[in-house]
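J.: One structure coming up, written as structure tokens, with questions to follow.
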Amino acid sequence: MPEQSDAAGAPSADRVDDFIGPGYVGREKATAVVSAFPQAPDRILDWLRASAESGDWRRFERFAGVAVHVARPGELAGILLSALTSGTKAGDTGRGPNEEDLVDMLGEIHSPEAVDALGSLLRERQESDAPYFPLCVKCIESLAEIDTPEAKEILREVATGAWPKPLQWHAAAELGIDEELGYDEDAMLGGA
């Protein structure tokens with residue numbers, strides 16, 4: 001089978017995507033991609049943009065998983081934020097990016113430019129994300145990873161404001177003020 005590459009001899013997005021395959025893309029897989037395709041880090045952001053433009057969100061997520069470990073965080077953050085705020089949701093149809101993964105990646109790359117979007121998402125979804133709050137908890141965790149004064153202010157608002165108790169507890173725990181506020185984990189999270 002002839003090697004699939006572009007005019008400059010770089011591997012094609014299809015070839016790299018086939019190599020990535022299904023499943024979780026962590027540091028180990030990203031390292032394997034770079035070993036097999038040394039030009040991939042220079043192309044990954046373009047492939048992400050093209051995947052988003054074509055609505056190929058599964059491919060987008062695989063490339064984003066690699067990009068978290070090999071791309072420049074500032075440029076990657078803009079692409080991830082654009083996908084997160086695009087209005088295209090995965091929902092029941094399977095179309096759209098996985099919001100929880102995007103939120104997690106923005107935290108992993110410590111993206112200060114994501115703070116406002118994560119705060120807005122947290123506010124918008126606190127009711128619809130109940131009772132387990134998977135997306136909201138990811139927002140809280142990512143804000144804690146970003147760790148800017150603005151991110152901490154949002155966490156403090158959630159911890160001390162009129163929010164659902166599980167979210168208050170998670171925000172307080174991330175700030176390390178849960179005991180100071182007298183929060184009991186079991187009571188706040190619906191346990192015994």
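The values are calculated or read from the model by the stated rules, or taken from the named source; none is laboratory data. Because the structure is a prediction, the values reported are computed rather than measured. Every residue, glycine as well, gets a Cβ built from its backbone with ideal geometry; the counts of neighbours run over all protein chains shown. With ligands, DNA and RNA removed, areas are computed over all heavy atoms of the protein, side chains included. Shrake-Rupley method; radii C 1.70, N 1.55, O 1.52, S 1.80 Å.
Matching residues to (1) over 24 Å from Gly55 (Cβ atoms); (2) part of a helix (DSSP H, G or I):
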{"residue": "Asp104", "(1), (2)": "no, yes"}
{"residue": "His110", "(1), (2)": "yes, no"}
{"residue": "Glu127", "(1), (2)": "yes, no"}
{"residue": "Glu145", "(1), (2)": "yes, yes"}
{"residue": "Gln168", "(1), (2)": "yes, yes"}
{"residue": "Ala173", "(1), (2)": "yes, yes"}
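J.: If you check Tyr183, Tyr132, which single one turns out to be of a type in the set (Phe, Trp, Tyr) and within 26 Å of Gly65 (Cα to Cα)?
T.: Tyr132
J.: Let me ask something additional. What tally of residues in segment 133-158 results from selecting those that are of a type outside the set (Lys, Arg) and without any contact (Cβ under 8 Å) to a residue 24 or more places away in the chain?
T.: Residues flagged as of a type outside the set (Lys, Arg) and without any contact (Cβ under 8 Å) to a residue 24 or more places away in the chain within segment 133-158 amount to 4.
J.: Hey, does segment 44-65 have a residue that's more than 20 Å from Ala13 (Cα to Cα) and out of contact with any strand residue (DSSP E or B) (no Cβ under 7 Å at 6 or more places or on another chain)?
T.: no
J.: Within the bounds of segment 126-138, is there any residue that is of a type in the set (S, T, N, Q) and either open to solvent by less than 40 Å² (accessible area, probe 1.4 Å) or in contact with a helix residue (DSSP H, G or I) (Cβ under 7 Å, 6 or more places away or on another chain) (or both)?
T.: yes
For every residue, the table says whether it meets (1) over 30 Å from Gln126 (Cα atoms); (2) at pLDDT below 95; (3) open to solvent by less than 20 Å² (accessible area, probe 1.4 Å); (4) not small (Gly, Ala, Ser).
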{"site": "Tyr24", "(1), (2), (3), (4)": "no, yes, no, yes"}
{"site": "Ala30", "(1), (2), (3), (4)": "yes, no, yes, no"}
{"site": "Asp42", "(1), (2), (3), (4)": "yes, yes, no, yes"}
{"site": "Glu53", "(1), (2), (3), (4)": "no, yes, no, yes"}
{"site": "Gly65", "(1), (2), (3), (4)": "no, no, yes, no"}
{"site": "Arg72", "(1), (2), (3), (4)": "yes, yes, no, yes"}
{"site": "Leu76", "(1), (2), (3), (4)": "no, no, yes, yes"}
{"site": "Gly91", "(1), (2), (3), (4)": "no, yes, no, no"}
{"site": "Arg95", "(1), (2), (3), (4)": "no, yes, no, yes"}
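J.: If you don't mind, there's one more thing I want to ask. Could you identify the single residue in Glu179, Glu145, Glu174 that is under 19 Å from Leu80 (Cα atoms) and either open to solvent by 60 Å² or more (accessible area, probe 1.4 Å) or basic (Lys, Arg) (or both)?
T.: Glu145
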